[in-house]
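Here is the structure we will look at.
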Amino acid sequence: MPPARFSVTEVRVAATCPRITYFDADLTRRNRLKRRAVTRLWKASDSGTACGSMFHNTIESFNRQALDADQVRTTIETELDARAIEQSLRASLNQKCVNLDLLARKSAEQQQAFIRAVAIYMGELAEIVADARSRGKPAEEVIDHLFGDRRRRVDVTFQVGPKGEPVRVTGTLDYVFYDWRTAHHRILDYKLTPADDPSNDLFQVALYALMHNVQHGTTPDVGVLYLHPERRMVELTWEEVHERRHRLYNLLASMAGWAEYDEVHQSGLRPPGEPSWCPHCKWDRDGECLKRLGPKHEGTRLRHWTSAVEAEPAVETRQAAGPSHSWALEVEPTVDDVVDERTETDRLRIGTAESGLPVLIGIAAMPTHLAVVGAAGSGKTWLAKVIAEEAVRRGVPVLAIDPQGDLVQFLRTSPERAEMSAADREARRDFLAKVEPRIWTPGSSHGRRLSLDPIRLPGLDDLRDLDDLTRREEEWQDMLGVAASQLVGLARLGGETDSQQTFLMEVFRRLTSNGQGQDVTLERIANAISEPESIGLDDPDRLIKKTERERMARKLHAMRLGPTSALFVGGTRLDLDAMTRSETPGKVPLNVIYLNALADDHSKHFFAAGLAAEVYRWMVTTSAPANVRLRLLFYLDEARDFIPAGTSKPPAKLPMIRLFTQGRKYGVAGLICTQSPRSVDYNVFGNCSTKLVGRLESQQDVDRVADWFSTEGAIPHWIPGRKGATAGSFVGRWPDMAPTLEGKPFRSRPLFSLHEGAWSPDRLEQEVRSV
């Protein structure tokens, strides 16, 4: 039997709505068409057109002629400035390649849009030429690489079916060339439509890359260049394309099944629909789609490639240059998706879309961190608590910092409500069966008392998993430096803090000189400062004056006995190894650090800093169990209090920034809540790939959220609609999000733990005693 065959255009259409694949295949069969029927979908736009067909014909003509055009050759040989190159190349295009009679028949708006698109395209080309020439590349080589590669036609058969069944795909690339900036081939697809669906557009060009790799042995990066109504470039490296290939293989295998579906006998693979495209689709007229294939949310997708590819080691040949954008093949989960194990075991069910389908975030997306933004009363803490509950359901320990008393309510369950769905009831039972809540209270006994004494100092042997000895030494020194900085900050000695930190860091080195990590009490540190000779530090005066050293020792002794002694006396030592272990087999720890019982903000900030440092020490010095991608969810409520934007540097800021910037490598996910992205340091917010936006109160808040998204490209069209949205309603983006969720509001699922006004220390103590 010959393989199923599709064009790249058909695959792109299937990624948009699988049912069209079936309808087109059925129409071709019934009418015995010599040329396959392909339904094209277009969404109306208020941005006009830029003469798309004319533009493509013009660029095709220019690229064909450029290899032998004297003006192009002279320009590349003599010009080095990108602007001069762009002007000269555009003049050549205008003289030889533009159909001026056809352009004159277009409207003034279309003419302007065409001219602007040509200018953008030629500007991109000129930048590549100028870069190559600045690297000393000969003009002949530049011309050959940019215009001489004729390998645009691709015809590849993929063995992707459940039993290795073949699927053949054919297509023609817009443009392939060698890019000296990345030392890779690059496939470029240019669009003269708004960047409303970059995920599927990236999918199409990524498919071209995989085909070019098979047929020609290249490893091309890819990009989609939007030229109208505004310039936008979205890109993927070859490594990112290769890492996501399983989604393409799943889709190709599914397409072969959808095309052969028998609607009379209802046998084979029934395709699901995509309702967001129905108003633009001819197959939805008079309800034909629903009559023939049933409810649009029902259908089946093959996913056998997902687990197979995820078991392979990641491709790590080079890093992406600049921000990248995920591309997804999957639409919103369908009813038949429940057969996919990932639906429930590998995802967090955080809410329900307006369509009634669950909103799911994959566990794999979490180490790139999550941020929930919304005005007071918008439900952001509710949603963040839902995420924490879902983490517990998936077996991920939680460590939450509670500065006010909202999160300690994980201690109590909420009643089961009549309006809960069957899925919510089942999830609630699952959560209650697994959760092991622990309420920790630094400096007091309202909950489980927690102490910073002794301080855990890492040794070089703790970092033995780092093979690079230089890197191991640097990491060790860095962690000792953070510990010294925090202790000096708490002591508030005044004077030369740099010399104080340097001296204290040297003390810590001597205390861990045998390579082993040490649990060092504050008293031992103070004694070592008083008598540095006792730890082998024979010339302390070269680092710090004796009088200042003695004052530091007295201060540390006073901290053990004075107002701050609560942080260092009594209770359980801060220990992440213990916090991430369950005390009852089968349970999952949900740790809440309640700071509201501490006497002042300085103590709260210092403890939060110590906690962040301990999390960092734990994640760097301990190995993750096999097959565990997510080891911990670190949840920070009211993030702006601890990691504010600007120059302010409370004690916890730098340790937490380091935790968020490094955590993903070690399977530690960060979750933060705030009313405004601009109030939190960009180093943290910029590392949050999952963005969940609730109700915003002012235009200023809308502008700040728009700025937050602007680093990824065009600002989402739905952000202004967040102003004045109802409480509990959210819109978001996250890696591998179903394309149909873009811009679609969803509501948080019910909480399974209590959610009421903040608890005071006395109320907390009462609740702890009653458990």
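Quick notes on this structure:
- Filtered residue count, the stretch 112-138, keeping only those that are of a type outside the set (Val, Ile, Thr), closer than 21 Å to residue 61 by Cα and in contact (Cβ under 8 Å) with a residue 24 or more places away in the chain: 12
- Residue ID - farthest from the chain's Cα centre (by Cα), chosen from residues in the stretch 87-116 that are among the charged types (D, E, K, R) and closer than 18 Å to residue 68 by Cα: 96
- Within the stretch 512-546, considering residues that are more than 23 Å from residue 493 (Cα to Cα) and of a type in the set (S, T, N, Q), the one surrounded by the most Cβ atoms within 10 Å (Cβ to Cβ): 512
- Residues of the stretch 442-477 that are over 32 Å from the mean Cα position of the chain (by Cα), of a type in the set (S, T, N, Q) and open to solvent by 60 Å² or more (accessible area, probe 1.4 Å): 445 alone.
- Close contacts from the stretch 729-751, counting a first residue that is over 23 Å from residue 669 (Cα atoms) and a second that is among the basic types (Lys, Arg) and buried (at least 21 other Cβ atoms within 10 Å of the Cβ), with Cβ to Cβ under 8 Å and a gap of 6+ residues or different chains, come to 729/695.
This table checks each residue for (1) open to solvent by 50 Å² or more (accessible area, probe 1.4 Å); (2) not acidic (Asp, Glu).
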{"site": "239", "(1), (2)": "no, no"}
{"site": "243", "(1), (2)": "yes, no"}
{"site": "261", "(1), (2)": "no, yes"}
{"site": "267", "(1), (2)": "yes, yes"}
{"site": "275", "(1), (2)": "yes, yes"}
{"site": "292", "(1), (2)": "yes, yes"}
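- Here is the figure for the stretch 202-227: residues that are open to solvent by 10 Å² or more (accessible area, probe 1.4 Å), part of a helix (DSSP H, G or I) and either free of Cβ contacts under 8 Å to residues at least 60 places away in the same chain or aromatic (Phe, Trp, Tyr) (or both) total 3.
- Considering residues of the stretch 728-754 that are farther than 18 Å from residue 384 by Cβ and among the charged types (D, E, K, R) only, the residue least open to solvent (accessible area, probe 1.4 Å): 742
- Search result, residues across the stretch 481-493 that are of a type in the set (Gly, Ala, Ser) and open to solvent by 40 Å² or more (accessible area, probe 1.4 Å): 485
- Residues satisfying the stated conditions in the stretch 502-511, i.e. more than 12 Å from residue 536 (Cβ to Cβ) and open to solvent by less than 50 Å² (accessible area, probe 1.4 Å): 503, 504, 505, 508
- Verdict on residue 5 being open to solvent by less than 30 Å² (accessible area, probe 1.4 Å), basic (Lys, Arg), modelled with pLDDT of 90 or more and over 30 Å from residue 138 (Cα atoms): no
- Odd one out for residue 168, checked against (1) outside any strand (DSSP E or B); (2) under 30 Å from residue 277 (Cα atoms): (1)
- Helices (runs of 4 or more DSSP H) contained in the stretch 478-596 and holding at least 2 residues in contact with a helix residue (DSSP H, G or I) (Cβ under 6 Å, 6 or more places away or on another chain), acidic (Asp, Glu) and in contact (Cβ under 8 Å) with a residue 12 or more places away in the chain: none
- Any hit, the stretch 168-184, residues being small (Gly, Ala, Ser) and surrounded by fewer than 20 Cβ atoms within 10 Å (Cβ to Cβ): yes
- Residue ID - nearest to residue 388 (Cα to Cα), chosen from residues in the stretch 678-693 that are open to solvent by 10 Å² or more (accessible area, probe 1.4 Å) and not basic (Lys, Arg): 689
- Test for residue 549: is it in contact with a Ser or Thr (Cβ under 9 Å, 6 or more places away or on another chain), among the basic types (Lys, Arg), modelled with pLDDT of 85 or more and crowded, with 18+ Cβ neighbours inside 10 Å: yes
- Looking across the stretch 659-677, the residues that are crowded, with 19+ Cβ neighbours inside 10 Å and over 14 Å from residue 632 (Cβ atoms) come down to 672, 673, 674, 675, 676, 677.
- All conditions in (1) touching a helix residue (DSSP H, G or I) at 6+ places or on another chain (Cβ under 9 Å); (2) assigned to a helix (DSSP H, G or I) hold for residue 56, with the sole exception of (1).
- Number of the exception - residue 725 against (1) within 23 Å of residue 359 (Cα to Cα); (2) open to solvent by 50 Å² or more (accessible area, probe 1.4 Å); (3) in a loop (DSSP other than H, G, I, E, B): (2)
- Filtered residues of the stretch 228-264 (kept if assigned to a helix (DSSP H, G or I), out of contact with any helix residue (DSSP H, G or I) (no Cβ under 9 Å at 6 or more places or on another chain) and under 29 Å from residue 23 (Cα atoms)): 256, 257
The values are calculated or read from the model by the stated rules, or taken from the named source; none is laboratory data. As the structure is a computational prediction, the values presented were derived from the model and not from experiment. So basically every Cβ, Gly included, is an ideal-geometry build from the backbone, and we count neighbours across all protein chains shown. All accessible areas refer to the heavy atoms of the entire protein, side chains included, with ligands and DNA or RNA removed. Shrake-Rupley method; radii C 1.70, N 1.55, O 1.52, S 1.80 Å.
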